[in-house]
Amino acid sequence: MDLEGKEIDESKQGEATMVASNTEGSKKLYLESYGCQMNFSDSEVVASILSKNGYSTTKDVDEADVILMNTCSIREKAEDRVRNKLAQHNKRKKQNPELVIGILGCMAERLKKDLLEQEKLVDLVAGPDAYRDLPNLISEVGSGQKAVNVLLSREETYADIAPVRLDKGGVTGFISIMRGCDNMCSFCVVPFTRGRERSRDPESIVREAQDMLDKGYKEVTLLGQNVDSYKWNITKKGEIIDPEKEVVTFAQLMEKVALVSPQLRVRFSTSHPKDMTDDVLEVMAKYKNICKYIHLPVQSGNSDVLKRMNRGYSREWYLNRIDAIKRIVPDAFISTDIITGFCGETEEEHQDTLSLMKEVGYEFSYMFFYSERPKTLAERKFEDDIPLEVKKRRLTEVQSMQAVLAETANEKTVGNTYEVLIEGISKRSDEHVYGRNSQNLTVIFPREDFKAGDYVNVKIESYTSATVKGVAVK
Ligand code: SAH
Ligand code: SF4
Ligand code: F3S
């Protein structure tokens, strides 16, 4: 079980990295991924495309013929890390002028040829919809040309490409069900870097889930920036495209994947509060193997801030969705994303975020301070007027609140027994294994003869704000 790969599953947004490794093929590709789960999923598509052109991935950067960095633009810090890394890779190029350095993903799309022409940090730039062109782009570099393809597509979903699973012997994996985003949250760079929303053929999704099960996977996570707006064979306006064919919504897609096997758990990310409907929750409640966990990013607990963020819902609407979850899937755990110090955020508005967190009782949150991104609505319309120290102080307050909420939630699990899917050996002690329960809570317990991929019933005995510990029960 590749623990290095595992780490990224837990921390999904912006700050995680992974180096990929599979061993067939003669030319060596060092593929480094940053950002969200979708980037990691895309890297498996990239590895697949390049493996057909004789490349195998390596974990040793010094043996690489090609270095590709799949990058994230979500916050300034995410881009800074990539620049530092690019500078290091460029030192290698001085010793090995044949080395090709390329940038993929959201930073490639955002900066286009600047990194190549002005900053001279890379040889190749490929945006998220241009990965089929990579073999071609690499050979263009070889013949001394500038290799750039940042065209965004309205159709590309890579549905026909079987991803090379980079997490060998993996238990959990991702399936991208859609690409792009049609929302225009005012703080967010994603619509500019990923283009228009498009959904992938449901048959190819079910096939991929079946294939993962056949390869020994026990859990799949369906990925999209807004999974609730997944739709197949129907337009946004509700017009059926081909009357001969079936219409598939997200709730129906989830059901299809759940039916692949009761042994295959299904998760999904990310739900959008404005689009999350009760039928999705009803399907969740109906199938035991659909995990009882919803990540429902709120961003702020104040309706005026939400309006400035252009999120499309109010505090009341959001709380109504939380009520629906608690009514239809009462045992679900709920997590969220929060931004502190967005443009014009007053102290009272910040307090509304804290009070909403308490009201919902999130088991987990990803928390960030606002980072202004070029070209976004917020950058054009509002002043980034909250001083950095205030943004950070508010972030600390939100984090402290979350620590209390998580501890309260974890405390409640003591004495309960949960089915846990083992993902690997605990990093702190090789006498212990770790895994997650349906609610996405990480559980640690004595290893005994268990191995990754086993489902084990575990009774919880103790807790902290980060994890819970237990023992296997027969
Ligand atoms: N599609 C998902 C979010 C993708 S980005 C959704 O709509 O919920 C992941 C998270 O990064 C966001 O939920 C937000 O909390 C954070 N984020 C996005 N842009 C940001 C910015 N400019 N500054 C700080 N955090 C940001
Ligand atoms: Fe960004 Fe909003 Fe789309 Fe999420 S829904 S990716 S926050 S624009
Ligand atoms: Fe980052 Fe792009 Fe994902 S900006 S969060 S890698 S969609």
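The values are calculated or read from the model by the stated rules, or taken from the named source; none is laboratory data. Computed from a prediction, not measured in an experiment: that's the story for all the values here. A quick note on method: Cβ atoms are made from the backbone with ideal geometry, for glycine too, and the neighbour counts reach across all protein chains shown. These area figures cover heavy atoms from the full protein model, side chains too; ligands, DNA and RNA do not enter into them. Shrake-Rupley method; radii C 1.70, N 1.55, O 1.52, S 1.80 Å.
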Distance violations [Cα-Cα > 32 Å] among Lys28/Lys245; Lys28/Lys120; Lys52/Lys146; Lys52/Lys120; Lys307/Lys358; Lys28/Lys391: Lys28/Lys245; Lys28/Lys391
Antiparallel bridges, percent of DSSP beta bridges restricted to the chain (to nearest 5): 40
Surface accessible to a 1.4 Å probe, Ser204 within the full protein complex, Å²: 10
Counting DSSP beta bridges with both ends in the stretch 3-149, the antiparallel % (nearest 5): 15
Cysteines in the chain that, by Cβ-Cβ distance, have no pairing candidate under 4.7 Å: Cys36, Cys72, Cys106, Cys181, Cys291, Cys343
Relative contact order (percent, whole number), the stretch 417-472, Cα cutoff 8 Å, 6+ residue spacing: 35
Label-point separation in nm, Glu347 to Asp182, each point 7 Å along Cα→Cβ: 4.3
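Hey, any idea what the orientation-averaged projected area of the convex hull of the stretch 417-472's Cα atoms comes to, in nm²?
Spelled out: convex hull of the Cα atoms, projected over all directions, averaged, 3.3 nm².
Give me the percent relative contact order of the stretch 37-186, please, defined on Cα pairs under 8 angstrom at least 6 residues apart.
26
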Charge dipole (the chain, unit charges on Cβ, about Cα centre) - positive-most of Ala87, His432, Met212: Ala87
Table column - 3J(HN,Hα) (Hz), the stretch 183-191, Karplus curve with 6.51, -1.76, 1.60, x for Gly and Pro: 7, 10, 4, 5, 8, 9, 8, 4, x
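Taking all protein chains as present, what is the carbon and sulfur share of the accessible area of the chain, in % to the nearest whole number, probe 1.4 Å?
50
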Relative compactness, the chain, computed as alpha-carbon Rg over 2.2 N^0.38 Å: 0.97
Loop chymotrypsin sites (Phe, Trp or Tyr not before Pro), the stretch 270-318 (other Cβ atoms within 10 Å of the site Cβ: 16 or fewer; DSSP): Tyr287
Only Lys, Arg (+1) and Asp, Glu (-1) charged, at Cβ; the chain dipole about Cα centre in debye: 300
The chain, accessible area per residue, ligands and nucleic acids excluded (1.4 Å, Å²): 43
Computed helical MRE - 222 nm, the chain, DSSP H runs ≥ 4 contributing -39500 (n - 2.57), nearest 500: -10500 deg cm²/dmol
Nonlocal amide H pairs with Thr58, under 5 Å, H built at 1.01 Å: Asn22, Leu29, Tyr30, Leu31
Karplus-derived HN-Hα couplings along the stretch 457-465 (A = 6.51, B = -1.76, C = 1.60, θ = phi - 60°), whole Hz, x at Gly and Pro: 7, 10, 9, 7, 10, 8, 8, 10, 6
Contact order normalised by residue count of the chain, Cα under 8 Å, 6+ apart, percent: 10
Under-5 Å amide H pairs with Ser73, H placed in peptide plane, nonlocal only: Cys106, Met107
³J(HN,Hα), Karplus 6.51/-1.76/1.60, whole Hz, each residue of the stretch 340-345, x for Gly, Pro: 9, x, 5, 2, x, 5
